[in-house]
């Protein structure tokens, strides 16, 4: 059974760390995407990078670099869309926890005190939220 109502919220520390890293990058993904797009724009001023002749034996292809950058942008956009879908599907309480904890960088104690929650309720909601993110990104290995 792979329904959310039966979601296993017991995940490894490594999976939790990866999911929390994704959650904390949610708001900065736009800046990363825009900076990558700016890297693709043609430059009108002289470039301090060595010219083709000065590179020596190194292989260099500006077309290949552009293609790699475009691929990276697509990956960041896909990650951003997926995180947005997960965020929008969470309970309002979990959205508040995500914003306060992972976007604003507050400590757990501050978050559950601000939301006037018991620590048990807070950590249960947080654990479920992190498990949902991990599941959405395929970080949990379903072993049966």
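The values are calculated or read from the model by the stated rules, or taken from the named source; none is laboratory data. This one's a predicted model, so the numbers in the text were calculated from it and none came from an experiment. Please note: Cβ atoms are built from the backbone with ideal geometry, for glycine as well, and neighbour counts cover all protein chains shown.
Things to note:
- Residues in the range 133-144 that are surrounded by fewer than 19 Cβ atoms within 10 Å (Cβ to Cβ) and at pLDDT 90 or above were compared, and the one that is farthest from residue 88 (Cα to Cα) is 138.
- For the range 92-128, filtered to residues that are in contact with a helix residue (DSSP H, G or I) (Cβ under 7 Å, 6 or more places away or on another chain) and in a loop (DSSP other than H, G, I, E, B), the residue that is surrounded by the fewest Cβ atoms within 10 Å (Cβ to Cβ) is 115.
- Residue within the range 26-42 that is more than 15 Å from the chain's Cα centre (by Cα), modelled with pLDDT of 80 or more, over 30 Å from residue 134 (Cα atoms) and in a loop (DSSP other than H, G, I, E, B) present: yes
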